[in-house]
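Asks: Next up is a structure, given as structure tokens.
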Amino acid sequence: MTRPLDGITVVSLEHAIAAPFCTRQLADLGARVIKVERPGAGDFARAYDTRVKGQASHFVWTNRSKESLTLDLKQPQALDALRQLLEKADVLVQNLAPGAAARMGLGYEALSKVHPRLIVCDISGYGDDGPYRDKKAYDLLIQSEAGFLSVTGTPEAPSKAGNSVADIAAGMYAYTSILSALLLRGKTGQGSHIDVSMLESLAEWMNYPMYYAYDGAPPPPRTAASHASIYPYGPFEAGDGGTVMLGLQNEREWKVFCEVVMQDATLATDPRFDANAKRNENRAALKALIQAAFGQLSTGQVVARLDEAQIANARMNDMAGLWAHPQLQARGRWQTVGSPAGDIPALLPPGRSNAFDYRMDPVPAVGQHTEAILRELGLSEASIAALGAAGAI
């Protein structure tokens, strides 16, 4: 079955999360992704933890279906091998330190002169220019710079996201930008340069709170897991200790919520709560009433009442609950992929297609494909041995 990116070769000078997440999604669609790693340790994300059969959780998530090529790019022979590889590549992705790729002659300006069809995607914290260009950028730092922390958490304390949201945002925009560049090349025959910034990626996701605070208006308050401006919309505890998340969107739902879920129709016309703005102002009083009602019910009973009233709701799952989620199981979202430590479960990418199956190949060991790739480039066994002896691979 033909995949959308079959025949496309991606070379990636990548580490950590943003670039690997981008290129793994290209691999999902059939692209050949050659991951260039440092000899020995490889991508430093391999050592983040040992949670998955001795392998790092971040790494196994973002690096399946790739080939690992180890090259010490400070050595001329290794850099020459990379240049040979780029002669046959369609895309180069890199998230090295700012300016590092350009200093090696791997910037778009230099490469486009000899490879005019090559698409070059640079991923960085702040972009290729501007006063912040050379600042180090880690996910939590970008969450802070982008204002994400200012609207996330409790009134008393800001909180970061529980995953690498800035890296993920940048990886997603790099991925979609590369797909767009491939479509454009199909029309023009020319490659292009893509400059993806973590700050700009997360700032895009912050447009709602930015517009909410437009022209000096107060920003959305930090309201923990509750909605900042709609109530009730957030977590409530049931009598058995479980937590149910529910959300009301309009006055019709508020009336049904009072009648079916709270079983108190008079509450709907209580002057403290008969409009969302009033409910928002009187959160504490309304929360006490809801918790008193839910405290007499199990989690399952609360969910049953909400479902009967057709009020949007969800259980607050933990990771064990997500691993065992019945909807993911029923839709066949789990597959098995190989890894250096044996088979591991992996979620299929979102977006089920009837036209093709996603590529779900193993997570590579460090340098697993180095010799095969170098032979493919035409290097002799003696040359490969010499590279190994010099520590260049």
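Asks: Sort out for me the helices (runs of 4 or more DSSP H) sitting completely within the range 288-379 that have 1 or more residues that are at pLDDT 95 or above, among the hydrophobic types (A, V, I, L, M, F, W, C) and within 30 Å of GLY42 (Cβ to Cβ).
Replies: Answer list for the range 288-379: 319-323, 370-376.
Asks: To continue, here is another question. Please pick out the residue among ARG46, ARG3 that is basic (Lys, Arg) and under 18 Å from HIS369 (Cβ atoms).
Replies: That would be ARG46, the only listed residue that is basic (Lys, Arg) and under 18 Å from HIS369 (Cβ atoms).
Asks: Pull out all pairs, ordered by first then second residue, where Cβ-Cβ is under 7 Å, the residues are six or more apart or on different chains, the first lies in the range 276-300 and is in contact (Cβ under 8 Å) with a residue 12 or more places away in the chain, and the second is loosely packed, with under 14 Cβ neighbours inside 10 Å.
Replies: Every condition considered, the pairs that remain are ASN280/SER229; ALA285/ARG272; SER298/ASP240; THR299/ASP240.
Asks: A further question follows. Which residues, taken from the range 164-180, are hydroxyl-bearing (Ser, Thr, Tyr), closer than 15 Å to ILE119 by Cα and touching a residue at least 40 places away in the same chain (Cβ under 8 Å)?
Replies: TYR175, SER177
Asks: Then there's this: Looking only at residues in the range 37-66 that are in contact with an Asp or Glu (Cβ under 8 Å, 6 or more places away or on another chain) and part of a loop (DSSP other than H, G, I, E, B), which one is surrounded by the most Cβ atoms within 10 Å (Cβ to Cβ)?
Replies: ASN63
Asks: Name the single residue that is surrounded by the fewest Cβ atoms within 10 Å (Cβ to Cβ) among those in the range 282-308 being aliphatic (A, V, I, L, M) and under 34 Å from the mean Cα position of the chain (by Cα). Show your work before the answer.
Replies: Filtering the range 282-308 down to residues aliphatic (A, V, I, L, M) leaves 284-286, 288-290, 292-293, 297, 302-304, 306.
Within this subset, residues satisfying the condition of being under 34 Å from the mean Cα position of the chain (by Cα) are 302-304, 306.
Working: VAL302: 27, VAL303: 19, ALA304: 13, LEU306: 20.
Result: ALA304.
Asks: Follow-up. Search the range 358-390 for residues being surrounded by fewer than 12 Cβ atoms within 10 Å (Cβ to Cβ) and not aliphatic (A, V, I, L, M), and hand back the single one that is nearest to the chain's Cα centre (by Cα).
Replies: The extreme case among them is GLY378.
Asks: Run down LEU69, LEU26, LEU73 and say which single residue is surrounded by 24 or more Cβ atoms within 10 Å (Cβ to Cβ), touching a residue at least 24 places away in the same chain (Cβ under 8 Å) and either polar (S, T, N, Q) or not in a helix (DSSP H, G or I) (or both).
Replies: One residue alone meets the criteria, LEU69.
Asks: If you take the residues of the range 320-354 that are hydrophobic (A, V, I, L, M, F, W, C) and within 22 Å of THR23 (Cβ to Cβ), which of them is farthest from the chain's Cα centre (by Cα)?
Replies: Among those that are hydrophobic (A, V, I, L, M, F, W, C) and within 22 Å of THR23 (Cβ to Cβ), it is ALA341.
Asks: Follow-up. With respect to VAL120, determine if the residue is farther than 30 Å from PRO209 by Cβ and in a helix (DSSP H, G or I).
Replies: Here the answer is no, as VAL120 does not meet what is asked.
Asks: I would also like to ask the following. Would a scan of the range 261-281 turn up a residue that is at pLDDT 95 or above, among the β-branched types (Val, Ile, Thr), crowded, with 16+ Cβ neighbours inside 10 Å and in the same structural domain as LEU306 (by TED's automatic domain parsing)?
Replies: yes
The values are calculated or read from the model by the stated rules, or taken from the named source; none is laboratory data. It should be emphasised that the depicted structure is a prediction, and the values quoted were computed from it without experimental measurement. Ideal geometry is used to build each Cβ from the backbone, glycine not excepted, and the neighbour counts take in all protein chains shown.
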